[in-house]
Every structure is written in structure tokens, then in C-alpha cells.
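To start, the structure itself, in C-alpha cells.
The values are calculated or read from the model by the stated rules, or taken from the named source; none is laboratory data. Given the structure is predicted, the values throughout are model-derived calculations rather than measurements. Reconstructed Cβ throughout: ideal geometry from the backbone, glycine too, with neighbour counts over all protein chains shown. Note: areas computed on protein heavy atoms with side chains; ligands, DNA, RNA excluded. Shrake-Rupley method; radii C 1.70, N 1.55, O 1.52, S 1.80 Å.
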Amino acid sequence: GRLHSHHRDLVGEDYCVWGPNYECYTTGWPSCCSSNATIADNSTAIAGNNTCPDLPEGILPPCELSTTTYTTSSFTTTVSDESSTTPAGLPNATLPVRETTTPATAADTTLSVLGSSYCTYAPDTSCYLTGWPACCSEGASTCPDQQPACEVSSTTIPSSPVTATIILGSDYCTYGPDYNCYSDGWPSCCIEDETTCPEEQPPCIPGASFCTYAPDTSCYETGWPACCSDDASTCPQNQPPCEITSTTSSLSPNTEIPVTAFTALTLPEGGLRTCNEVIEMDYPDNILPKEIILAILEGMIEQSYPVEAVEAGKEQMAALVKYDLRAHKICATCEEVNAMWEAKNACIDGEPCTSKSFASEVMTYCMESSFAYGRTMSGLLLEPIDSVTKDPIVGRVATTIFSDPTNPEPFNCPSETWPTDVVASPPMQIGAMATASSGTYTIVPDVLGNGEDWEGIRSYIVKTVYQASAVPLLLKLQNDVENNYNCTVLDKRINILGYSEGGYASVAIADAFDTLDDGYIHTFTGIGGAPIRLSTEQLYVIVEMHSNSYPFPPFIARLGNSYSSTNVDLPNTNLSDTDIQQNFASEEYLDDGDEYKDVRAWAEFGVGYEEMFGLMPTPPGGDFSDIINPEVVDMVVSSFAVNNSDPCNSEFATDAVGVLCEAVIQNDLLETIESFDYPVVLCHSPNDELVFYANVPNTTMNDNLVMIQDHGDGVPQPSGNHSTAFGECVMGFLVSFSDTSDSSIRSILPLEDGEGSCRVSEIAMPSKSPTVDGGEGGASVTPTKSPTTTDTDEKEPIVPDSVAVSSSVYNALTLVLVSAVGAAWW
């Protein structure tokens, strides 16, 4: 799924020196290439330009001429006149999609199948510096009969990218890369040392097509797909599925898996934290000082930012961190929120009732018959506290909902893992901590099935689950602050942001607040690394599962549980004809008599990722895709094999998966995000190997959709893998919460009753929490003045400087992100 990497010093890596494209650009190159530069004649590249946008590999600025079809990477795209007005640098219609190859056609049809020589095998950069043995580049005739040993040590990782010296001598060496034809993007003579290129461009290099890969007799009769022996030109663009099916569908549980049955979930020692109460911390009054928050953020910047950007990043964080914070566990139920909503929006006598009068009309997930009714939502609430008075901040305050990826273990959730000492044990919720310190009440939902709802059904990538997990919490918080605080009001400004699974959740949550139609103002919406195109582009994960190449296969187990008759509101659940089951998981992995082969049991017992890896089917006894309904695998693999990225609407979709497809399409969020009429900042790395970059919406469809690198000064496009981009995106989103940006996001607005009517000394607040209202988790509390500190001497906070924090906190945070994002990723 990754894009190729160029040789860093290879001429042609900059689109201003690629071959001219007169169908797309008047001069043959984007106009920015000619700014302050001299346009050379014909094949000589335009030089000296530094005004062009720095785009990901394979992306060009939009066409400047009329409707033209051109190729980006290995996909052909049509761009209309409208694109000419789109700012350069947006992915628009030139989204780089997953790496694909087109089989090369052998010049001599009498030749046997290519690939019989290791110089034509698929590139293996884990073994050879260039992907093939050195002799292949020097002259294959000098190669020994037996494939040479690896040149790259298995224990050594090169400290810098392998580079090659460019030998000039032909125009085609400066053209744009063509990975369909050449494994490195250009003919080998362009990058091999001391080689003179011929006048005519060399033909395609073997090794760039699956017909030239190393033979795989466990998958194909001859070692290669049948079409390679018949006529390679008839082969599909993507590698066909295996012709040989394994007689053993799955491995038995390995010796590391316990032989006893799973242990039923029980509450952790000491139980859960109490609903609607302050979370105890190792600081006076359980208030985390802003100085510690700033030190942690500065430590992250010192470790993650380029040296030249560190000072600017610190200034940005200093402008963001304004308040101390206090943590709470917040809980709500559909029943109480429905009652609050209908009391507020009751029908007026003599006037017709509107849909807003009925909670069931605007919160369908909270209907009495819905999955969320009768369950308790919980989450982490971070409350901004005035650093001088140690009371809640005064005025009209905005709210932020920050969604993180969930964990399959239900007690590993925000409300339960928030630490008592954030320096010794840095929390996953660093971003949420920053938005709260900027002056917004910040909620991090646990998501149903976790935290207080640990005994409930756990789901994954189902939009209504995230809506039901977040909206009731915010409505409850607003109601309780209104009833318990004299001088603080949560207004209708709302910020919604998240990454990976949390990014998907954020789109769903934003849509849910639009459905409420209650005057909410979206001041900031940030969507990072999200599987927006769930029913199309992201289904390519099944192709990679089928080839056992997907980096994190346990994802499919969680998705298999969610879309296998477990969510009562999904179309494929509880079908009238019980003989026809349309589950996402295969029958083999829905075995209710064997917990090891039942993905529903894995979810029920809270099986963690490490153990889940051991339960997955793996070669040689099975394939990752054995866990998926074979009807789904056949449909998806066949569809992508003919370059159709919409399997559910392809010729390969059958009645056997029709209702299941309906469920997946229902949870695709592309149309939802393209309909938003407020600004949305998108952040996605082109090198994302888990949630493919092709998920990014076409920004030409809606001017409100903006890529993060075009949103503000100094915010770069993320370039790392999925886990690395998490930190890059979150830090980019936080720029909007600082004083140097749009103040409407976090500014504290004065109350309507005048400046003198609400003095700090008169603030009334609950002795426990603004959410304690006599409901579950605590008795009714009469608002009183915030308790004064009585144990300051015992709990005086020690504020480390940023350098000390940077090594301890950032390294620990990296481990948190790797386990939570590198594992939870989606």
C-alpha cells in the first residue's frame, strides 16, 4: 500500500524536471516551475525554482488546461476545468493510490515465463541494497547460478537511504517515474554507476510485474499465474488470487496460546473509577498545573520537530497552554439524555410539534429499541481551571471532543487509564490535555463496550456506535454545568478531532451534531488518517490480507466481530431467513464451540492484540484472509484485480453478500464528509501503510475540505507511516488552538449578564464534579465554593524543565503511541 521512494539524488524526482506534458500545462510544466526560472527548450528541465508546492511523490499540481486525462503514479485520472482554480498542493483528483503494477509484455512470445532468474525476481530491499544482488546491476551475465547471499545484515538497518549516482545522457532519465515499467521508476542505466544510456528508451525491466516475481508453487501450478504462461498482456493489473487452495485452512493454536478456555472478564482489582467524580491526581486539589502541561508538550517538540523548527514549535505551545486542568470520569445514559432533550424541546401549546421535540427523531441510536438504550456511556473529561483562583474558568466556553483509537481490552480506555502522575506515566491523551489547557472543556469518549459499559457488546468502525458514545456525554455535561456552575456556560461552539479510528469517529460525531439541528457551531474539525472510504478504497486491505502482506491482520478480527450479526442496527443482523447468514467473518471463525476460532468470543473476552496475533490463521497452514467470509474475499480480490475499487457495486457482487455490502456502504463516510458546510482540516500521510492515502476525500468536491499543509503557516504534510503520522497530525491540529491562530476556537467569551455580575469570588461549583447530579455514581450535591487546598505541602508539584521531560516523557509516549496506534491503528 505504500508509495515508492525515489532515489534522493536522482534527476527526475522533482516534477519541474520531468518530461514535458503539453496536454496539461501550456509550457509543458506547471506554471510555478517557470516562476523566476528559465524555461529550457524541449527536454531540458526547468531549473532554479523554489516557489512550487512540495507535493508527495507522484502528485502534480492540477492541470492548467482544459479537461485532460493523465497519469499519476500508475493510475489514470481525468481532471476538469474546475481544477484550475484549486490551490496547488491539494490531493484533488490526483490522489496517489496504492502501489500497483502492470505486467510487462515479453518481446519474444516463445520465451518461457520470466522470473526463472533471480535478477528478475520481485525486489527485496530487506536483503539487497537495490532490491537485487549487485551483480544484476553490473551485468547479469556475471552472476553465479545460485542466488548470492543477502547484502543487508538482518541486524543492521541503514542509517540513511541508499542512493545512486545518476548518469546523464538521455532525456528519459529526467522524465517522471514510471513504476509500471521500471522497478525504480526509471531505466536502470539512469541510476547505475558508469553506464551510458542508449539513445532509445530501454524497454520495461523485468521484476516490475508479478509475472517476473520469484516462483510460488504453493500458490500457482507453474509458480506464476496462468495468464503469465498464456499471454502476459492478458493479465489483470493486480496479481490474481492463488490457484492452489490449502488443504489445511488454519493453524492450530500455537504453543504460546493457553490451552484452557478464555477467562471471563472481571472488574480489575479495586473496581472502576466512580462515575461523575474527579479523578485523583498527585497534585493539590487534583489540579494539574499548566507548567507541567507545557513542559510535556515542549519535550515532545524537542524530540519530534526538526532542529530549525523547535523554537517556533515551543512558541506555538506557549501560546496554547493557558490553564491548569482537572480530570473527571463522566457518564451518561440514553434514558437521562432523552428526558433532558425532550424537556428542553417540548412541544409548545397551540403550535405544531417539530422533529426536534422528540429525542428519537434526532438521536435514533438512543431509541428504546436501539443498541445503545439501557447502556452507560463513559469517558474522560478534562476541565480547564484558572491557574490563579483554582476555580473553573469564567465565561462562555467551547467544548472539544477528542477521539482516540480504541483498544480491544475494555479497561484500557481513557477514563480508567488517565494517570495520577502524568510525568511518570504520560497519558495517551496528550492532544486532549493540550486542547483542555487552551480553554475548552474536552471529552475523550471510552466508546460503548469499554469503561463503564465493559459488559456490553464491543463494536468497531460502526458510525452510530461512536455517535452514541459521544453525543450523550456532551449533552449531559452542558446540562450539569448549566445547573451547577454560576459563572461558566458551555456554549454551542464545538471542536471535533481525532486520528485513525478516532478520525473515523470524528466524522460520524460531527454528523450527529448536525442532525441535532440545535445551533452548534463547528469551530474546528480535524480528521486524521481515517478510513473514510470504508466500502471502496479501504477494502483493499482484504487483498493484502489474502496475500498475507497486510502489516496488522488482527484488524480484520475486530471488523469481523462488528459485522457478523452482533450489532442489532446493522442491515445484515438478524436476517429473517436465518439459513442465510451474511457475516463478515468466515464460518470457520464464528465457531461457537471453539473460542479460539470465534472472533465474537475474542471481543467478548477482551482478547488483546498480542494474543489475537497468535490466534490468527497464518501461512503455511492458512492465510490471514481465512478469517473473512470467502464470498467477500472473492468479490474484493476479483474486483481490485480489474482495477475496480468499488467491489460492492461491481460485477463480482452477488446476492450472497448483498445485505452485508449494504451494511458496509451504510458506514462509508465519504458522502458524509463531502457534505459538511464548515471547514474540515484533513491530515493523512501518503506513506500510510494501514489506512491507505486513497481514503482522502477529493477536496475539489467541497471547498471546506482543506489538507493540513494548506491550512496554516508552517504546518507540513505528514510523511511517515501510520503511527508516526499520528503525532504529526495531532501537533498540526493543535496549532489552531493557540493564540496565534483563530481565537474563536478557544477564546473565553464574556457572559451576557455583564462584566460585574460574575466575580471570581462568587463562583459556585460542586464539591466533587460538575457532573454529579444525583444520578448513577454519586448523590446530589449542593453547589459550593471550590474546596481550598489543605495539603499543599504534601502534594506540591515538581515542574520539570522540558529537556528532562523530553527524554523520559517523549520516549514513554512513543511506546504508548506504538501500542495504541501501531496496534489499534484504525
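How large is the accessible surface per residue of segment 580-625, computed with a 1.4 Å probe and reported in Å² as a whole number? Present the calculation step by step, with values, prior to reporting the outcome.
On the way: 1950 Å² over 46 residues.
Computed with neighbouring chains in place, this is 42 Å² per residue.
Within segment 485-599, what whole-number % of the accessible surface is contributed by carbon and sulfur, with the 1.4 Å probe and all protein chains included in the calculation?
On the way: 1450 of 3230 Å².
Heavy-atom surface of segment 485-599 belonging to carbon and sulfur, 1.4 Å probe: 45 percent.
Please compute the net charge surrounding Val657, taking Lys and Arg as +1 and Asp and Glu as -1 over other residues with Cβ under 11 Å from its Cβ. Can you show the working numbers first?
Numbers: positive: none; negative: Glu631, Asp634, Asp655, Glu662.
Its environment carries a net charge of -4.
Given q = 0.12, 0.19, 0.22 Å⁻¹, what are the Debye log10 I(q)/I(0) values for segment 592-732, with equal point scatterers placed on the Cα positions and solvent ignored?
Log10 I(q)/I(0), no solvent term: -0.76, -1.23, -1.27.
Leaving out ligands and nucleic acids, note down the accessible area per residue over segment 638-709 with a 1.4 angstrom probe, in whole Å².
Numbers: 2600 Å² over 72 residues.
Ligands and nucleic acids excluded, the result is 36 Å² per residue.
List the residues, sorted by chain then number, that are 5 or more residues from Ala585 or on another chain and whose placed amide H is less than 5 Å from its amide H.
The list, which skips near neighbours in sequence, is Asn629.
Got a number for carbon plus sulfur as a percent of segment 380-467's accessible area, 1.4 Å probe? Write down the numbers at each step before the final one.
Details: 840 of 1810 Å².
The value for segment 380-467 is 47 percent carbon and sulfur by accessible area.
Non-local amide H neighbours of Ile385 (under 5 Å, H modeled in plane, Pro and chain starts lacking H): which ones?
Residues meeting the criterion, in which the H sits 1.01 Å from N, are Asp324, Leu325, Arg326.
Which of the three applies to segment 501-558, rounded, prolate or oblate, going by the alpha-carbon gyration tensor with a ≥ b ≥ c and a/c under 1.5 meaning rounded? Write out the running numbers ahead of the final one.
Numbers: a/c = 3.48, a/b = 3.11, b/c = 1.12.
Prolate, because a/c is 1.5 or more and a/b exceeds b/c.
Non-local amide H neighbours of Ile521 (under 5 Å, H modeled in plane, Pro and chain starts lacking H): which ones?
Arg493, Ile494
With a 1.4 Å probe and all protein chains left in place, how much accessible area per residue does segment 275-319 have, in Å²? Working shown, then result.
Working: 1830 Å² over 45 residues.
Roughly 41 Å² per residue, with all protein chains present.
Counting pairs of alpha carbon atoms under 8 Å apart in space and at least six apart in sequence, what relative contact order in percent does segment 318-412 give?
On the way: 94 pairs, mean separation 33.1, N = 95.
This gives 35 percent for segment 318-412.
Give the Rg (one decimal place) followed by the Dmax (whole number) of segment 335-387, computed from C-alpha coordinates and expressed in Å.
Rg and Dmax of segment 335-387, Cα atoms, are 15.2, 50 Å.
Step through the table entries Lys322/Lys390; Lys463/Lys492; Lys329/Lys476; Lys356/Lys476, compare each Cα-Cα distance with 20 Å, and write down the pairs that go over it. Before the final figure, lay out the partial values.
Working: Lys322/Lys390 13 Å; Lys463/Lys492 22 Å; Lys329/Lys476 12 Å; Lys356/Lys476 17 Å.
Exceeds cut-off: Lys463/Lys492.
Would segment 511-664 count as rounded, prolate or oblate if I go by the C-alpha gyration tensor, calling it rounded below 1.5 in a/c and otherwise prolate when a/b exceeds b/c, oblate otherwise? The partial results should precede the final answer.
Working: a/c = 1.43, a/b = 1.34, b/c = 1.06.
Rounded.
Mind listing the phi-derived Karplus ³J(HN,Hα) values for segment 264-269, rounded to whole Hz, using 6.51, -1.76 and 1.60 with θ = phi - 60°, and x for any glycine or proline?
Whole-Hz 3J(HN,Hα) from phi for segment 264-269: 4, 5, 9, 4, x, 4.
Would you work out the relative contact order for segment 408-511, in percent, from Cα pairs under 8 angstrom that are 6 or more residues apart? Show your work: numbers first, answer last.
Values: 92 pairs, mean separation 22.1, N = 104.
Relative CO of segment 408-511 lands at 21 percent.
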